[in-house]
Amino acid sequence: MAQTEPNLDHDISWFLLPSYWAKMVVALISFLCFANSYDGDFVFDDSEAIINNKDLRAETPLGDLWYHDFWGSKLSSNTSHKSYRPLTVLTFRINYLLAGGFYPVGFHVINIILHCAISVLMIDVFSILLGGLQFSNKGRRLNLAPKSSLLAALLFAVHPVHTECVAGIVGRADLLCALFFLLSFLGYCKAFRENKEGHTFSILWVLVSVILGAIAMLCKEQGITILGLNAVFDALVINKINLLELIQKLLHKDKSLEAINYNYYYSLNAWLLLCPWWLCFDWSMGCIPLIKSVSDWRIIALAALWFCLIGLICQALCSEDSHKRRILTLGLGFLIIPFLPASNLFFRVGFVIAERVIYLPSIGYCILFTYGFSLLSKQAKKKKILAVAVLGILLINVMRCTFRSSQWRSEEQLFRSALSVCPLNAKVHYNVGKNLADKGNQSAAIKYYREAVRLNPKYVHAMNNLGNILKERNELHEAEELLSLAVQIQPDFAAAWMNLGIVQNSLRRFEEAEQSYWTAIKHRKKYPDCYYNLGRLYADLNRHIDALNAWRNATVLKPEHSLAWNNMIILLDNTGNLAQAEAVGREALELIPNDHSLMFSLANVLGKSQKYKESEALFLKAIKANPNAASYHGNLAVLYHRWGNLDLAKKHYEVSLKLDPMAPGTKENYNLLRRKLEQLQKKGGA
């Protein structure tokens, strides 16, 4: 390992800093790139992986994390994503517990810190990859390429394609995987030392490397590729094997057009590394039109990719310069091997392009860029101009990172930023529409949902959401058409069946509605909202026992289902079953003690049962929680009126009418009370 090699730094006009200062600079710049994402919201996949993931909550046993996927579903479930990342989920859980809830700042800060730590670590990694693994007489590893390793680490730290991993909280999986991936690599390097006595080999460090690799894999599946990279490193650097015979075709498929499309996707990934200007949170659903003919001009991108790769591979394998062979092979190894799990070569993955999966492969890009810069510097007469150009690239990347991080701060900015990059992506239009709908802008949401369905006529989720909005706007016939089409395309789409039932119920086609609800429940056994809507249907049909059973099923499946509890109380109250209504109300409030609507419903029941004091206390508690509810003041006034507290009754009637002058029955009751007070005054005067 003490072999003398050409020094890569010799020809590079770049900054030479002490190791400590180099790491400080890299840490500071990587922090500045993404610092403005620290107070961003939960966006895109964060909702499913964090907010809706029960594995983050204290009531879920820690042991369950080992049996659930990244999104909190059981791995054995047919609906599971099969992404196994228990250690990443564990860090989310720690974030949640420390913050005392879903506050995104802590989540974002950890992501930024992780990227800074990884970028600093890259200096040591690049010093080995670019300068070789060599030691002093005392056995200390030497950094023979301090300038090159600093440049490569800076390129990595400021690459805009990393924004999704850092600014998107779900990117934590890639960050943790990268951290332990690199620690495993450095641990493997520590296993091989050289001193005055010769070579030494440490089984302990090999074991440490394997354990760190396993941890990387438990953070994200991609971590397993460290085994392949360590093997390549061992062959090239430790054993100095010539890998000329390595050229083999990994896979050969007869389906040429499918292979062409995958190769085109690889070229787009390469382009994102070279020119990370057009970035998008999602590249699916028509974002990249398929190549359907060899006459498609995009075939040029494939040719360019393979021309460059074959040229680099030939140089890596056939060059007489062992230094060049080592750097190029390691660069290609880091570029290709971590990318293999996402390449669709060995198994299908759920995406064609995803910026987050380029986080580790970008290490290879930084190696090749830095080596190319050294070769250009060697030939260039004015090295400073070349250095200024590279500084310009770094500065542009810093600005691009900052701008892109700001787009990841909120879903509205993130989704809208994708419209110009992927205007043919139905999912982009769907997400913009969903964001608008969540903010109450239904008219604008309809426009984007319609465009999503136009771009992808089988996009059932867009049909379902559009049908929901049309249902709320009382455009029931078009809503029914959309929802019927959705369940025709995807017969097991439970949510669409339930929404179709709601529309059919509104159209007074009760038998069809009931059938739709039961179909939804057949496809999703634990569906409390569907049981709730089924109960409403039965209540409309005066099938009171069936309604109560349906609502009871809803509360069994979801004990905090306030609407189901409330409807049970009201139905029992209206049918004169006051004792049972009171029992149900008390049971509900034990489970949901701060629900003011339940307090209000139970207070009404207690008032009718002449339990005035307890009823008054619940009314006042409900009003404290929701002081602007006219009905709360109006019904409390009725209680006081019935109880004989006429002054208090008058006060709350007046508050109720002030809040809602058209409140049903309140004005009549108020007028009755005023006449009664006038009569009392006349009697008192007499």
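For the pair the range 80-101 / the range 604-647, the C-alpha centres are spaced 45 Å from each other. Quick one: compute the contact order of the range 123-194, relative version, from alpha carbon pairs under 8 angstrom and 6+ residues apart, as a percent. Answer for the range 123-194 is 33 percent.
Ranked by the mean number of other Cβ atoms within 10 Å of their residues, highest first, the peptides 377-388, 415-426, 471-482 fall in the order 415-426, 471-482, 377-388. Would you calculate a helix-derived [θ] at 222 nm for the chain, using -39,500 (n - 2.57) for each DSSP H run of n ≥ 4 and dividing by the full residue count, to the nearest 500? -21000 deg cm²/dmol, from helical runs alone. With a 1.4 Å probe and every protein chain kept in, tell me what percent of the accessible surface of the range 1-104 is carbon plus sulfur. Carbon and sulfur: 62 percent of the exposed surface of the range 1-104.
Residues whose amide H falls under 5 Å from that of Ser13, counting only those 5 or more places apart or on a different chain, are absent, with hydrogens built in the peptide plane.
Which aspartates and glutamates have a Cα less than 18 Å from the Cα of Lys324, not counting those fewer than 8 places away in the same chain? Counting by Cα, and skipping residues close in sequence, Lys324 has these aspartates and glutamates nearby: Glu5, Asp9, Asp11, Asp234, Glu245. Here the gap between Ser47 and Val109, fully extended at 0.36 nm per residue and compared with their Cα-Cα distance, gives a gain of 20.6 nm.
Taking 17 Å as the straight-line reach from the Cα of Lys54, the lysines in range (excluding those fewer than 8 positions away in the same chain) are Lys74, Lys82, Lys526, Lys558. Report the paramagnetic label zone for Arg140: residues of the range 10-38 whose backbone N is under 15 Å from a point 7 Å from Cα along the Cα-to-Cβ axis. Under 15 Å, as judged by backbone N against the label point of Arg140, lie 18-21 of the range 10-38. Using a probe of 1.4 Å on the protein chains alone, the accessible area found for Ser13 is around 40 Å². Within the set [x] -0.63, -1.11; [y] -0.36, -1.03; [z] -0.24, -0.94, the number that log10 I(q)/I(0) by the Debye sum over Cα atoms at q = 0.05, 0.10 Å⁻¹ takes when calculated for this structure is listed as [y]. With R₀ fixed at 35 Å, the C-beta to C-beta distance from Arg454 to Ser410 puts the FRET efficiency at about 0.85. Label reach from Ala617 (point 7 Å along Cα→C-beta): in the range 562-593, amide nitrogens under 18 Å belong to 582-593.
May I ask you to give the solvent-accessible area per residue for the chain, in square angstrom, as obtained with a 1.4 angstrom probe?
Solvent-accessible surface per residue comes out at 48 Å².
In terms of accessible area, using a 1.4 Å probe and ignoring ligands and nucleic acids, Phe44, Phe181 rank largest first as Phe44, Phe181.
Carbon and sulfur atoms: what percent of the 1.4 Å accessible area of the range 471-561 do they account for? Mind showing how you got there, number by number?
On the way: 2230 of 4780 Å².
It is 47 percent, rounded to a whole number.
Residues in the range 434-444 carry Karplus couplings, in order, of 5, 4, 5, 5, 4, 8, x, 8, 5, 4, 5 Hz; the curve used is 6.51 cos²θ - 1.76 cosθ + 1.60 with θ = phi - 60°, and Gly or Pro positions show x. In this structure the amide hydrogen of Leu142, modeled in the peptide plane, comes within under 5 Å of the amide hydrogens of Gln134, Phe135, Ser136, none closer than 5 places in sequence on its chain.
Give, in nm to one decimal, the length gained when the segment between Val388 and Lys667 is fully stretched (0.36 nm per residue of separation minus the Cα-Cα distance).
Numbers: separation 279, 0.36 × 279 = 100.44 nm, distance 7.96 nm.
Extra length from Val388 to Lys667 when fully extended: 92.5 nm.
Label zone (Lys522, point 7 Å along Cα-to-C-beta; backbone nitrogen cut-off 16 Å) within the range 492-513: 492-501, 511-513.
Less than 5 angstrom separates the built amide H of Val43 from those of Ile169, all sequence-distant by 5 or more or on a different chain.
Let me check against my output: what whole-number percent is the relative contact order of the chain, with C-alpha pairs under 8 Å and at least 6 apart?
Working: 990 pairs, mean separation 71.3, N = 686.
Relative contact order here is 10 percent.
In whole Å and largest first, what semi-axes does the C-alpha gyration tensor of the range 307-428 yield when each eigenvalue is scaled by 5 and square-rooted?
Values: eigenvalues 210, 109, 22 Å².
Semi-axes (√(5λ), whole Å): 32, 23, 11.
Of interest is the spacing of the C-alpha centroids, which for the range 111-157 and the range 31-48 amounts to 27 Å. I'd like the distance between the alpha-carbon centres of the range 322-341 and the range 402-440, rounded to an integer number of Å. Answer, in whole Å: 36.
Label sites at Asp546 and Glu481, each approximated as a point 7 angstrom past Cα along Cα to Cβ, lie 3.1 nm apart.
Between Cys308 and Arg57, the distance separating the two model label sites (each 7 Å from Cα on the Cα→Cβ line) works out to 4.8 nm.
Stretching Ile396 away from Lys82 to a fully extended chain increases their span by 109.2 nm, per 0.36 nm per residue minus the current alpha-carbon distance.
The values are calculated or read from the model by the stated rules, or taken from the named source; none is laboratory data. Being a predicted model, the structure only gives us computed values, none of them experimental. Backbone-built Cβ (ideal geometry, glycine too); neighbour counts: all protein chains shown. For the accessible areas, the whole protein counts, side chains as well, though only heavy atoms, and no ligand, DNA or RNA atoms are used. Shrake-Rupley method; radii C 1.70, N 1.55, O 1.52, S 1.80 Å.
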